[in-house]
Amino acid sequence: MDLEKAFHMKGGLGDNSYANNSSLQKKVADTVKHITLEAIEEMFTATRPKSLGIADLGCSSGPNTLSNVKELVDAVGNACRKIQQPGLEFRVYLNDLPTNDFNTVFQALPDFYRELRKGRNDGGPAVYIAGCPGTFYGRLFPDNSLNFVYSSNSLHWLSRVPPGIYDEQGVSINKKSIYISERSPSGVAEAFLRQFQEDWSFFLKSRSEEVVSGGKMVLLLLGRTGPYHVDRNSSIYWEMLYQSLATLVTQGEIEEEKLEGYEMNFYAPSKEELEEEVRKEGSFKVEMIEKFEQGIDIGSGGNRYSSYGQAVAKTVRSIQESMIAHHFGEVFWTSSSTNMLDWLIEKWPKTDLAPPTLFFFLQDFEGEMTRGALRFCLVGEEEMGSERRKRKRDDNTFSLSWLIRKLYFTVL
């Protein structure tokens, strides 16, 4: 399956669209918004560019896309006024796969620009927005063209389903699951890990060429809390999706063989796996990582979990509809989708099961060596250790710094 052609969030503005079913993702971004805005303000104040390049990688097509851009522009505008620097222009690149519904985003631009100009006598900031279709697991932009890179809820998607889960005949060995589960045979978890390592290395290498000295990256992705791949918190969505599809098999609505061949292009990395890939690639200094757990705050009383299950079911559909339709056929969404969604809502665990852990990264590219400690600590706890690592590349010195709860990346 060519994921660049088949994988995309549900477009448009309908009831099942990603635009109307991305509140859970917005909650994640809002949790760390203050850190994101502080990061771009600090970057601008330190470097003071006249033209600021911002990229949103995996922008999708919902209301979160342009609201994120506005908040970043406003934050830099505040920094501009503090240092009295006029005439700043913004180059904003919205990136997603070619099948993303960019048209819905572009149709919202007039309202976006009106909102930017509201209450201003100077006409508002100069903001130039462009769509940039393509995979972020490779080059997207010219050398040294970006000052700030942002990505939320995207980097846990792999560039492809790991080829290592298929046998010599091209048949999946992970027949009783669509992701890593207790039913998965040995070798499945390793195949997903290898694909993540390959993709993450391409991502880091590509961004290291595109981001200017002094620039930053803020990245949010789903992860897991420990070394074990079978992690209920990070895989609950896909386990529930598999069980709902398996129910449709027993009802004769889809073929068992079809289900056995359906796999996710998803991987929730651990902190240690992320650390190792950054170290191996060698371009970045990690300064901060923070772990977040989403709470269940939809509904109340006896309806609390039902409401949350409904929100999750609709979100899963808006994310997976294109893939499921491609694999099972378009007719699936007219004949079987209601039963699948009802099953998800009914069977969603009646417990405060913490949704997947989110790792928040901030990557700070600097022009000269300022620090280089490898640190381990938990928020509110004592620092557990430190170590210095240095590496030469292109006449620059690179070092790696880690915090278990807070993580910043810096290329020196």
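Observations, loosely collected:
- In region 68-102, of all residues being in contact with a Cys (Cβ under 8 Å, 6 or more places away or on another chain) and among the hydrophobic types (A, V, I, L, M, F, W, C), the one that is farthest from Ser159 (Cα to Cα) corresponds to Leu88.
- Here Ser206, Ser152, Ser213, Ser201 are screened, and the one residue that is under 24 Å from Asn68 (Cα atoms), surrounded by fewer than 18 Cβ atoms within 10 Å (Cβ to Cβ) and within 19 Å of the chain's Cα centre (by Cα) is Ser206.
- The one condition from (1) over 19 Å from the mean Cα position of the chain (by Cα); (2) at pLDDT 70 or above; (3) not in a loop (DSSP other than H, G, I, E, B) that Glu290 does not meet is (1).
- Condition met for Gly58 (touching a helix residue (DSSP H, G or I) at 6+ places or on another chain (Cβ under 6 Å), closer than 28 Å to Glu321 by Cα and modelled with pLDDT of 90 or more): no
- Checking the stated criteria, Ile254 turns out not to satisfy the condition of being aliphatic (A, V, I, L, M), surrounded by 18 or more Cβ atoms within 10 Å (Cβ to Cβ) and modelled with pLDDT under 75.
- Total residues in region 85-137 satisfying the condition of being among the hydroxyl-bearing types (Ser, Thr, Tyr), free of Cβ contacts under 8 Å to residues at least 60 places away in the same chain and under 27 Å from Phe203 (Cβ atoms): the figure is 2.
Conditions tested, residue by residue: (1) under 27 Å from Thr47 (Cα atoms); (2) surrounded by fewer than 19 Cβ atoms within 10 Å (Cβ to Cβ).
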residue: Asp96; (1), (2): no, no
residue: Thr99; (1), (2): no, yes
residue: Thr104; (1), (2): no, no
residue: Tyr113; (1), (2): yes, yes
residue: Asp143; (1), (2): yes, yes
residue: Ile165; (1), (2): no, no
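- Cβ-Cβ contacts under 7 Å between residues 6 or more apart (or on different chains), taken from a first residue in region 251-276 that is assigned to a loop (DSSP other than H, G, I, E, B) to a second residue that is of a type in the set (Ser, Thr, Tyr), are listed as Glu253/Ser335; Glu253/Ser336; Ile254/Ser336; Gly261/Ser172; Glu263/Ser172; Met264/Tyr179; Ala268/Ser234.
- Sub-7 Å Cβ pairs linking a first residue in region 141-167 that is within 13 Å of Cys59 (Cβ to Cβ) to a second residue that is basic (Lys, Arg) and buried (at least 19 other Cβ atoms within 10 Å of the Cβ), at least 6 apart or interchain, are Val149/Arg207, ordered by first then second residue.
- Single condition Leu66 does not satisfy, out of (1) of a type outside the set (Val, Ile, Thr); (2) surrounded by 21 or more Cβ atoms within 10 Å (Cβ to Cβ); (3) under 18 Å from Ile35 (Cα atoms): (3)
- Residue in region 213-231 that is over 25 Å from Phe192 (Cα atoms), modelled with pLDDT under 75 and either part of a helix (DSSP H, G or I) or out of contact with any Leu (no Cβ under 6 Å at 6 or more places or on another chain) (or both) present: no
- Residue under evaluation Arg183, criteria (1) surrounded by fewer than 18 Cβ atoms within 10 Å (Cβ to Cβ); (2) of a type in the set (Lys, Arg); (3) touching a residue at least 24 places away in the same chain (Cβ under 8 Å), criterion not met: (3)
The values are calculated or read from the model by the stated rules, or taken from the named source; none is laboratory data. It should be emphasised that the depicted structure is a prediction, and the values quoted were computed from it without experimental measurement. For neighbour counting, all protein chains shown are included, and Cβ atoms are generated from backbone atoms with ideal geometry for every residue, glycine included.
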